[in-house]
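Asker: I am attaching a structure below and will ask some questions about it afterwards.
The values are calculated or read from the model by the stated rules, or taken from the named source; none is laboratory data. This one's a predicted model, so the numbers in the text were calculated from it and none came from an experiment. Quick reminder, even Gly has a Cβ in these numbers, built from the backbone with ideal geometry, and neighbours come from all protein chains shown. The area values use the complete protein model at the heavy-atom level, side chains included, leaving out ligands, DNA and RNA. Shrake-Rupley method; radii C 1.70, N 1.55, O 1.52, S 1.80 Å.
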Amino acid sequence: MKKTILSPRFLAACLATLACSFLGAFLAGLPYLSIVGALVLSLVLGMAFQTWRGAVDYASSGIGFISNKFLRLGIILLGFKLNLAMLAEAGVKSMALSCLVVSLTILAAYNIARRLGVERRLAILTASGTGICGAAAVMGIASQVADGDENTKRFAEDKVVAVAIVALLGTLFTLIEVLAYPMLGMDPHQFGVLAGGSLHEIAHAVAAGSAAGPDGLDVAIVAKLSRVLLLVPVALIVGVWYRRKEGVGDAPGRRVPVPWFMLGFVATSIVGTFVPLGQETLDFLVRLSYLVLGMAMAALGMSVNFKALFSRGRNAFVAALVASFGLFAFVLFAAKTFF
């Protein structure tokens, strides 16, 4: 392991993905790109980096390590963003809505995708990204649906297709909600619930919620983070379910993997909530998490097969689109009725 980390190929992979992550964060700060988010932009930059074929081939061994291990570190650090006290103050209604949103959306998107002929793993990754928190959910759930093939092209394709779908749909529905806000007859609090409860990425919820002012933005962030919190239990449930469906749950020597990095996510959430680290320290740790996650996303983009992205993603996109419309309608009704 030490030899691998110190090898020129690994260092080259680190530099390439770090450059993509920094550039993605910079571009996400621009007015018209903030809606897309730094993680998705890092993924796109990694895909664009493929045009430098020689460099990608040289760093290929390090790219696989970064897309796998750095992802887990990034999700652990992301826990510092999750203020559990703030979620507790949001009350039972907000958490109940989040549980309904996540479970119903995943079930709907998955079943529609399967009826359209989408493979089981791609279907559950797309459904999880749509229902929970976009790219981070796709990458987190992916660890639970690997059949010993985490470093294969096929597995990388599944993750990239799912991330691309939720990124595109999240951006689309963010624009729809912002443009429709004046016609929905909602106060800022209700619109914040709609934005945080229905949109895919945290960046999408922030972009839409800000259209309703500071109150709408605060509510949108809380509603969105309450869905992010469900990533841990969903990952555990999906791990058990997937192995039973694939018939490997009872195989000798095979056990459902415990997503230890998810427990790390919970631990950092607890530390960030109850340990007086200071706002500046917390902000730094969150920025670091996005930088590390950006490197993982860039590494994933460097391994994507463009032909597979378009050929395998069509039906999964249709399923997620239908589920996203249903998600929007359900949260719109809930926000106007109960909040």
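Asker: Taking all protein chains as present, what is the carbon and sulfur share of the accessible area of the chain, in % to the nearest whole number, probe 1.4 Å? Write out the running numbers ahead of the final one.
Answerer: Working: 10380 of 14980 Å².
Whole-percent figure for carbon plus sulfur exposure: 69.
Asker: Which pairs, out of Lys159/Lys245; Lys159/Lys224; Lys224/Lys245; Lys93/Lys245, put more than 27 Å between their alpha-carbon atoms?
Answerer: Lys224/Lys245; Lys93/Lys245
Asker: Same structure again: By the scheme Lys and Arg +1, Asp and Glu -1, what is the net charge of all other residues having a beta-carbon under 14 Å from that of Ser198? Write down the numbers at each step before the final one.
Answerer: Details: positive: Lys224, Arg227, Lys336; negative: Glu177, Glu201.
Result for the local shell: +1.
Asker: Mind checking the full-extension length gain between Glu246 and Ser7? Use 0.36 nm per residue of separation minus the Cα-Cα distance, one decimal, nm.
Answerer: Values: separation 239, 0.36 × 239 = 86.04 nm, distance 3.72 nm.
Residue separation times 0.36 nm, minus the Cα-Cα distance, leaves 82.3 nm.
Asker: Of Cys133, Cys20, Cys99, which has the largest mean-square fluctuation in a 10 Å C-alpha GNM of the chain?
Answerer: Taking springs between Cα atoms under 10 Å, the residue moving most is Cys99.
Asker: At 222 nm, what helix-only mean residue ellipticity would the chain give, in deg cm²/dmol to the nearest 500, using -39500 (n - 2.57) for each DSSP H run of four or more? Intermediate results must be reported in sequence, preceding the final value.
Answerer: Details: 17 runs with 262 residues, N = 339.
Calculated mean residue ellipticity at 222 nm is -25500 deg cm²/dmol.
Asker: Consider all pairwise Cα distances in the chain and report the whole-number % of them above 36 Å.
Answerer: On the way: 8429 of 57291 pairs.
More than 36 Å apart: 15 percent of the Cα pairs in the chain.
Asker: Determine the gain in length on full extension of the stretch Leu30-Asp147; use 0.36 nm per residue of separation and subtract their C-alpha separation, reporting nm with one decimal. Don't jump to the answer; show the numbers that get you there.
Answerer: Details: separation 117, 0.36 × 117 = 42.12 nm, distance 3.96 nm.
The span from Leu30 to Asp147 would gain 38.2 nm if fully extended.
Asker: Any idea of the accessible area per residue across the chain, 1.4 Å probe, to the nearest Å²?
Answerer: Accessible area per residue, the chain: 44 Å².
Asker: Which value, in debye to the nearest 20, describes the size of the charge dipole of the chain about its Cα centre when Lys and Arg Cβ atoms bear +1, Asp and Glu Cβ atoms bear -1, and nothing else is charged?
Answerer: Details: 27 positive and 17 negative charges, 229 e Å.
In total the dipole reaches around 1100 debye.
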